[in-house]
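Contents: one structure, followed by commentary.
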Amino acid sequence: QVQLQESGPGLVKPSQTLSLTCTVSGGSITANYYYWSWIRQPPGKGLEWIGLIRYSGTTYYSPSLKSRTSISRDTSKNQFTLQLSSVTPEDTAEYYCTRGLVSRGSYYYDYWGQGTQVTVSS
């Protein structure tokens with residue numbers, strides 16, 4: 001029922017800001033007690049958690065990316081966004097937005113967007 005759709009430019013120039021939007025349908029981003037995360041996967045590498053915004057609006061970021069990351073939301077549009085500043089080619093990856101939750105002491109990503117490829121190149 002819940003669907004997530006990433007959108008934004010597929011090509012970003014180095015030093016610019018990567019900006020992506022996740023549009024959620026079938027569920028509210030303010031609904032207790034879900035977490036809305038951005039995750040990426042560089043080519044040939046594993047998944048990397050970027051950060052999240054909780055149903056309450058509280059944000060948390062990966063320590064390695066915190067200084068460059070901002071996650072926000074627009075509850076009226078049921079969207080949350082990712083802004084990653086000062087990008088380099090190492091930020092090239094498939095970017096996913098997800099819904100997460102804690103259940104029985106474990107964390108789950110129960111819904112994923114289809115992903116969107118972002119290439120950082122001049």
Query raised in the report: If you scan the stretch 13-57, which residues turn out to be in contact with a helix residue (DSSP H, G or I) (Cβ under 9 Å, 6 or more places away or on another chain), surrounded by fewer than 21 Cβ atoms within 10 Å (Cβ to Cβ) and either modelled with pLDDT under 95 or assigned to a strand (DSSP E or B) (or both)?
Result: G51
Query - Candidate set: the stretch 74-102, residues that are buried (at least 19 other Cβ atoms within 10 Å of the Cβ) and among the charged types (D, E, K, R); chosen: the one farthest from L18 (Cα to Cα) - result: R99
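Can you find a residue in the stretch 109-119 that is small (G, A, S), at negative phi and within 10 Å of the chain's Cα centre (by Cα)? Write out each step before concluding.
Initially, the stretch 109-119 is screened for residues small (G, A, S), giving 113, 115.
Within this subset, residues satisfying the condition of being at negative phi are 113.
Checking which are within 10 Å of the chain's Cα centre (by Cα) leaves us with 113.
Looking through the stretch 109-119, at least one residue is small (G, A, S), at negative phi and within 10 Å of the chain's Cα centre (by Cα).
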Query raised in the report: If you check every pair at least six apart or on different chains, which have Cβ atoms under 6 Å apart with a residue in the stretch 1-28 that is within 22 Å of G57 (Cβ to Cβ) first and a residue that is at pLDDT below 95 and exposed (fewer than 14 other Cβ atoms within 10 Å of the Cβ) second?
Result: G26/Q1
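Against the condition within 12 Å of the chain's Cα centre (by Cα), open to solvent by 20 Å² or more (accessible area, probe 1.4 Å) and farther than 20 Å from G115 by Cα, how does Y60 come out, does it pass? Lay out the reasoning, then the answer.
Details: within 12 Å of the chain's Cα centre (by Cα): yes; open to solvent by 20 Å² or more (accessible area, probe 1.4 Å): yes; farther than 20 Å from G115 by Cα: yes.
Judged against the criteria, Y60 is a match.
The values are calculated or read from the model by the stated rules, or taken from the named source; none is laboratory data. Remember, it's a predicted structure, so these values are computed and weren't measured experimentally. Glycine gets a Cβ as well: all are built from the backbone with ideal geometry, and neighbour counts include every protein chain shown. What goes into the accessible areas is simple: the full protein's heavy atoms, side chains included, and nothing from ligands, DNA or RNA. Shrake-Rupley method; radii C 1.70, N 1.55, O 1.52, S 1.80 Å.
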